[in-house]
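The values are calculated or read from the model by the stated rules, or taken from the named source; none is laboratory data. Keep in mind that what you see is a predicted model, and the values were worked out from it rather than measured. Ideal geometry is used to build each Cβ from the backbone, glycine not excepted, and the neighbour counts take in all protein chains shown. Accessible surface is based on the protein model in full, side chains and every heavy atom, while ligands, DNA and RNA are left aside. Shrake-Rupley method; radii C 1.70, N 1.55, O 1.52, S 1.80 Å.
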Amino acid sequence: VTTPAPDIIQLLLDDHRKIAAMIASLDGTAPEEVPERFWSFTNALVRHESAEELVVYPALRKVPGGAAIADDRIHEQAEIEQALRNMEKMDAQSVEFADAFAVVATAVLKHAVAEESDTFRLLHGARSRSERIELGRRYEEAKAVAPTHPHPMAPDTPPGNTILGPIVGLIDRIRDVVHDHAVGE
Ligand SMILES: [Fe+2]
């Protein structure tokens, strides 16, 4: 029995669920585990967004009515990413961090709901199953080119240090690699 290849909508839904689970797991986690988990969350989210910008939104723009929706969704992604960049150097145990993360979490979940209604509906209506499978293959490929960077443990920080680490560098590296991949295609 061969499992049918997943289409782009299935793959995006799976990623949305994984990212939502990461958000839920950060809520109430032990303070010393927050930097590591926040790093993994940012890694997964930016990888997903970058691959969407490369594969999903260009396809959406070709569908009647898709361009305005693509613009709105990309704008939301950029705002979320800027909020993440602003969190670099925050103390993970601070009220400032908790407030900033709550804003990011709400925006990410709202963005996912918007995508699941309009983006998925338009793509499903305008693209055949085989085209959606091909989009899925390209999306997975774009995501896979960005290597996973483990959270850096600063060698000279005292135990219990909960600084998030170089989030801006992480975001830029993922974006650069996915972008170079597109240029090389
Ligand atoms: Fe998105």
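Screening E52 on (1) touching a helix residue (DSSP H, G or I) at 6+ places or on another chain (Cβ under 8 Å); (2) among the charged types (D, E, K, R); (3) closer than 23 Å to L170 by Cα; (4) more than 13 Å from the ligand (Cβ to nearest atom) shows it passes everything except condition (4). Residues that are in a helix (DSSP H, G or I) and aliphatic (A, V, I, L, M) were ranked within region 60-71; the one that is surrounded by the most Cβ atoms within 10 Å (Cβ to Cβ) is L60. In the set (1) of a type outside the set (S, T, N, Q); (2) modelled with pLDDT of 95 or more; (3) surrounded by fewer than 19 Cβ atoms within 10 Å (Cβ to Cβ), G28 fails one condition alone, (2). Among the residues making up region 4-36, those that are over 26 Å from G165 (Cα atoms), touching a helix residue (DSSP H, G or I) at 6+ places or on another chain (Cβ under 6 Å) and either of a type in the set (S, T, Y) or within 16 Å of the ligand (Cβ to nearest atom) (or both) are I8, I9, L11. Scanning region 86-95 for any residue that is assigned to a helix (DSSP H, G or I), within 16 Å of the ligand (Cβ to nearest atom) and surrounded by fewer than 19 Cβ atoms within 10 Å (Cβ to Cβ) turns up nothing. Of H75, H16, all but one fail to be in a helix (DSSP H, G or I) and loosely packed, with under 15 Cβ neighbours inside 10 Å; the exception is H75. Within region 116-155, being away from the ligand (no atom under 16 Å from the Cβ), among the acidic types (D, E) and crowded, with 17+ Cβ neighbours inside 10 Å holds for one residue alone: E134.
Residue pairs whose Cβ atoms lie under 6 Å apart, sitting 6 or more positions apart in sequence or on different chains, and linking a residue in region 37-59 that is more than 16 Å from G165 (Cα to Cα) and open to solvent by less than 10 Å² (accessible area, probe 1.4 Å) to a partner that is among the polar types (S, T, N, Q) and within 11 Å of the ligand (Cβ to nearest atom), are E49/Q77. In this structure, is V113 within 30 Å of L26 (Cα to Cα) and surrounded by 19 or more Cβ atoms within 10 Å (Cβ to Cβ)? In short, no.
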